[in-house]
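First comes the structure, then the notes that go with it.
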Amino acid sequence: MPDFVKNIYCKINKMCLIGTMLSVFLCTVCTAETPHLQKARSYTGNEDITGWVMSEKLDGIRGYWDGSRLLTRKGLPLHPPPWFIENFPTFELDGELWSKQGEFEFIQSVVLDANPGPGWEKINYHIFEAPNQKGTFLQRLDRTKQWFALHPNAHVRVIPQTLVQDRFYLNRFVIDVESRGGEGVILKNPNMPYHTGRSEHVLKVKKARDMEGLVIGINKGKGKYEKAMGSLTLKLENGVIFKLGTGFSDMVRNNPPAVGTTVTFKYHGFSINGVPKFASFLRVRAD
């Protein structure tokens with residue numbers, strides 16, 4: 001093994017807390033069954049969204065309640081304190097575990113810890129769907145509201161939905177969300193029955209797009225980063241492989257994500273070969 005790789009992994013081993021969290025989740029992911037959930041496509045501006053509803057897209061950890069357990073989007077079990085899931089229904093829920101803007105790292109460290117700590121007191125469960133329930137989207141949310149009206153839980157929120165009047169109204173809403181540090185907006189056709197996977201009926205609106213890639217290689221740096229990581233080799237969901245080399249802090253370069261982990265990066269369009277353009281690292285995703 002090259003010396004620079006040995007040096008990198010030695011530094012990784014010193015990050016005890018993060019290393020422990022990732023190792024637990026990477027071992028569990030092999031046996032976890034990924035839930036079949038909805039996924040949003042990117043809004044292009046050409047869709048007719050009149051009569052749809054919109055809501056703020058929260059930048060937290062997605063939490064799927066299967067009727068008895070709280071799981072990540074990949075099916076990994078979460079370990080909230082018993083009081084956090086008190087009065088949850090026997091039917092399914094889908095939502096975001098979130099505190100406030102700009103706290104993704106805090107949220108991730110709290111939610112993915114196998115030993116629930118006091119940080120959970122700052123987390124709320126923001127529900128945006130009731131999977132596999134009958135009726136339209138708003139009817140499914142109404143059933144959720146009715147349940148928690150009769151079975152209160154102080155850490156549950158049902159995300160408000162706003163009717164889209166036209167594109168100008170949407171643009172104002174997006175500007176308002178982003179001015180408050182929000183990640184973006186979710187658009188949804190309220191008349192559709194529940195469905196899984198990506199479709200043209202659930203869209204995300206963001207100023208800068210982002211996506212995820214699997215780390216399959218760590219590449220040596222040059223110059224001042226000669227003894228650190230220079231770039232990561234990523235594999236996308238569609239099989240495209242490319243090197244991500246910008247957006248890293250010195251701390252990340254000296255303690256890079258391990259092979260097998262998933263990272264999020266932002267980008268602006270694609271090349272003719274399907275490679276993300278102007279890609280820049282955002283964060284490691286351990287969920």
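Numbers below:
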read-out: 222 nm mean residue ellipticity, helices alone, for the chain (DSSP H n ≥ 4; -39,500 (n - 2.57); rounded to 500); value: -7000 deg cm²/dmol
read-out: Nonlocal amide H pairs with residue 52, under 5 Å, H built at 1.01 Å; value: 164
read-out: Per DSSP, loop trypsin sites (Lys or Arg not before Pro) in segment 106-168 with at most 11 further Cβ within 10 Å; value: 134
read-out: Column: log10 I(q)/I(0), Debye, Cα scatterers of the chain, q = 0.12, 0.13, 0.16 Å⁻¹; value: -0.85, -0.99, -1.40
read-out: Positive minus negative residues near residue 225 (Lys, Arg vs Asp, Glu; Cβ under 11 Å); value: +3
read-out: Of 39/220; 74/222; 207/243, those spanning more than 25 Å from alpha-carbon to alpha-carbon; value: 39/220; 74/222
read-out: DSSP-loop GluC sites (Glu not before Pro) across segment 52-138, with at most 15 other Cβ within 10 angstrom; value: 86
read-out: Set of lysines with alpha-carbon distance to residue 145 below 20 Å, sequence-local pairs under 8 removed; value: 57, 134, 188
read-out: Total formal charge among the other residues, if their Cβ is under 9 angstrom from that of residue 49, Lys/Arg +1 and Asp/Glu -1; value: -2
read-out: Prolate/oblate/rounded label for segment 201-253 (Cα gyration tensor, a/c 1.5); value: oblate
read-out: Filtered GluC sites (Glu not before Pro), segment 169-268: DSSP coil and at most 11 other beta carbons within 10 Å; value: 226, 237
read-out: Solvent accessible area, Å² - residue 229, 1.4 Å probe, full protein context; value: 0 Å²
read-out: Label point at residue 227 placed 7 Å out along Cα→Cβ; residues across segment 248-266 whose backbone nitrogen lies under 16 Å; value: 250-256
read-out: Whole-number accessible area per residue in Å² for segment 97-216, which is evaluated in the context of all protein chains at 1.4 Å; value: 52 Å²
read-out: Part-to-part distance (alpha-carbon centres) for segment 175-246 and segment 263-280, which is given in Å; value: 9 Å
read-out: Hydrodynamic radius by Kirkwood, which averages 1/r over all alpha carbon pairs of segment 151-287, in angstrom; value: 17.8 Å
read-out: Nearest 10 degrees, 0 to 90: helix 167-179 Cα axis against the chain principal axis; value: 50 degrees
read-out: Cross-link reach list, aspartates and glutamates versus residue 122, counting only Cα pairs under 17 Å and skipping chain neighbours closer than eight places; value: 59, 86, 96, 103, 105, 113
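The values are calculated or read from the model by the stated rules, or taken from the named source; none is laboratory data. On a predicted model such as this, the values are computed, not experimentally measured, just so you know. Glycine also receives a Cβ, built like all others from the backbone with ideal geometry; neighbour counts cover every protein chain displayed. For accessibility, only protein heavy atoms count, side chains too; no ligands or nucleic acids. Shrake-Rupley method; radii C 1.70, N 1.55, O 1.52, S 1.80 Å.
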